[in-house]
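To start, the structure under review is shown below, and the notes come after it.
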Amino acid sequence: VKPLGPIPAGYDADTAGQLVINGQTAASLANAGTPLFVYDASRITAQVARFRSAFPGVALHYAIKANPYAPLLDHMATLVDGFDVASAGELAQVAGRGLPVSFAGPGKGDADLESALRQRVTINLESEAEAERALAIANRLELTPSLAIRVNPPFLLKGAGMKMGGQSSPFGIDHDRVPALVQRLVAAGADWHGLHIYAGSQTLSADALIELQRETVALAAQVARDARHAPRHVNLGGGFGIPYFAGDSPLDLDAIGASLANTLAERHIILADTSFAIELGRWLVGEAGVYLTRIVDRKVSRGTIFLVTDGGLHHMLAASGNFGQLLRRNYPVAIANRFAAAPIEEQTIVGCLCTPLDLLADQALLPRAEVGDLVAIFCAGAYGLTASPTAFLSQPMATEVLV
Ligand SMILES: *Cc1c(COP(=O)(O)O)cnc(C)c1O
């Protein structure tokens, strides 16, 4: 038997033993058809409230690449202070929702830059060459561009799932070259919005985040002093993780918030009038999502019981272990219509794709499941459908619903 990841707190069974998601049973939601992603709006609201209480005075941005589902963006627009996008397509998805937008990401084409400038979006510059193109396009359009600089810092988030920073990087501009670019932007008449310093993702270590935020604020002050210009705004990045696997425990948010408050209280005078933001994707929406897929076959092969579902890695690549994990481990998984039943049988859950990669739960101890039962995969709200190869094997698309 291999362990399953921890089911996020607050998912309960009703008296009939059915998994309930924001007041509705998984079975009733699945009547609309499977495979299905269900996103619980109340959990997103609660998560934002936790952030607000831990980080008073710090702006919160939603990085939409974690989950760009339109009704979820509508809900998020009522909760956060800004959207961070990383492509012209994402920019189009947040357009008209009335929040400030910043546009990061390498490889922005001239048409992307032009559309961002026309929409008065802040561009997070990823290179000096991109800065020159943005200035030239703004000049041609006769408008004042709002430009921030993404900094490639000399440190990185320790223990992060995906490391960015502290090394050569396609993201951002090496920190020691940033002051000269600030001066170039100001001299060119641009509106220099500030700095964007993002050093990694998915950590559960409060200590690592505390240290990172301290280094990030210090770096912002150093850059500002070297440039002899104060940034109006500093985006401190994010990196807040959620528990996915056995042994993971949730982030201690209050410890991070208390420490950041100290760091900001002691910041260099050059940052006195600077506003600060944290940008989060996964932590805001990850635990709010449940992927529901139905068992279409139950078979035994050389002693292993396989539950074959109508879903798979084409919707939920991360649960198969093929999205950035070095070692495959099981996500939190349950049989939704037997949520209160005792786990008594070792079963392996697979998707319907004709590849051995399509493994959703390996040798998991679960209630005995039958054809027609519903499998629930938790922590599916971030990097679920949007990070999966939906065209692979030409299986039907999953549907999504916000409840
Ligand atoms: C992906 C990304 C995020 C969101 O990361 P999460 O781990 O989902 O919080 C934030 N900022 C930038 C620049 C990113 O590339």
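The values are calculated or read from the model by the stated rules, or taken from the named source; none is laboratory data. The structure presented is a predicted model; accordingly, all values stated were derived computationally and were not measured. Note that each Cβ is placed from the backbone with ideal geometry, even for glycine, and that neighbours are counted across all protein chains shown. Calculation scope for accessible area: heavy atoms of the full protein, side chains included, ligands and nucleic acids excluded. Shrake-Rupley method; radii C 1.70, N 1.55, O 1.52, S 1.80 Å.
How many angstrom lie between the C-alpha centres of region 21-38 and region 251-307?
One Cα centre to the other: 23 Å.
For Cα pairs less than 8 Å apart in space and 6+ apart in sequence, what is the mean separation divided by the residue count of the chain, i.e. the relative contact order in percent?
22 percent
Test of understanding: in a Gaussian network model of the chain with alpha carbons linked when under 10 Å, which of A361, A272, A224 would top the mean-square fluctuation ranking?
Comparing A361, A272, A224 in a Gaussian network model of the chain, the most mobile one is A272.
At 1.4 Å probe size, what's the solvent-accessible area of D297? Round to the nearest 10 Å².
70 Å²
Once you place label points 7 Å from the Cα toward the Cβ at A111 and E142, how far apart are they in nm?
Simple spin-label model gives 2.5 nm for this pair.
Assuming 0.36 nm per residue, please report the length gained on full extension of the stretch A180 to R118 beyond their Cα-Cα distance.
Length gained between A180 and R118: 19.7 nm.
Considering only protein heavy atoms and a probe of 1.4 Å, how much of the accessible area of region 5-81 is carbon and sulfur, as a whole percent?
After summing per-atom areas, the C and S share lands at 54 percent.
Using a 1.4 angstrom probe on the protein heavy atoms only, line up D14, D226 by accessible area, largest first.
If we order D14, D226 from most to least accessible, we get D226, D14.
Over region 324-375, calculate the relative contact order: mean separation of alpha carbon pairs under 8 Å at least 6 apart, over the residue count, as a percent.
43 percent
Find the accessible area per residue for region 337-403; the probe is 1.4 Å, ligands and nucleic acids are left out, and the unit is Å².
Ligands and nucleic acids excluded, the result is 42 Å² per residue.
Stretch V403-Q325 to full length: gain in nm at 0.36 nm per residue minus the Cα-Cα span?
The V403-Q325 span can extend by a further 25.1 nm.
Go ahead and run the numbers for FRET between R97 and D252, Cβ-Cβ distance against an R0 of 35 Å, rounding to 0.05.
Efficiency for this residue pair is about 0.65.
Report, in whole Å, the centroid distance computed from the Cα atoms of region 364-398 and region 62-128.
28 Å
With charges only on Cβ, +1 for K and R and -1 for D and E, what is the dipole size of the chain about its Cα centre, in debye, rounded to 20?
Here the chain has a charge dipole of around 200 debye.
Can you list the aspartates and glutamates whose alpha carbon sits under 14 Å from that of K158, skipping same-chain ones fewer than 8 residues off?
List returned: D207, E211, E215.
For region 259-291, run through the GluC sites (Glu not before Pro) and keep only the ones in DSSP coil with at most 16 other Cβ atoms within 10 Å of their Cβ.
E266
If you project the alpha carbons of region 1-138 onto their three principal axes, what span does each projection cover, largest first, in Å?
Result, largest extent first: 64, 37, 36 Å.
Please identify every one of the trypsin sites (Lys or Arg not before Pro) in region 121-206 that sits in a loop by DSSP and has no more than 11 other beta carbons within 10 Å of its own beta carbon.
Nothing satisfies the criteria.
Calculate the translational D of the chain in whole µm² s⁻¹ from Stokes-Einstein, where the hydrodynamic radius comes from the Kirkwood formula applied to all Cα pairs, the temperature is 37 °C and the viscosity 0.692 mPa s.
147 µm²/s
Using only helices, what value at 222 nm comes out for the chain when you add -39,500 (n - 2.57) per DSSP H run of length 4 or more and divide by the total residues, to the nearest 500 deg cm²/dmol?
For the chain, the value works out to -8000 deg cm²/dmol.
Can you say what percent of the DSSP beta bridges in the chain, counting only those with both residues inside, are antiparallel? Round to 5.
45 percent
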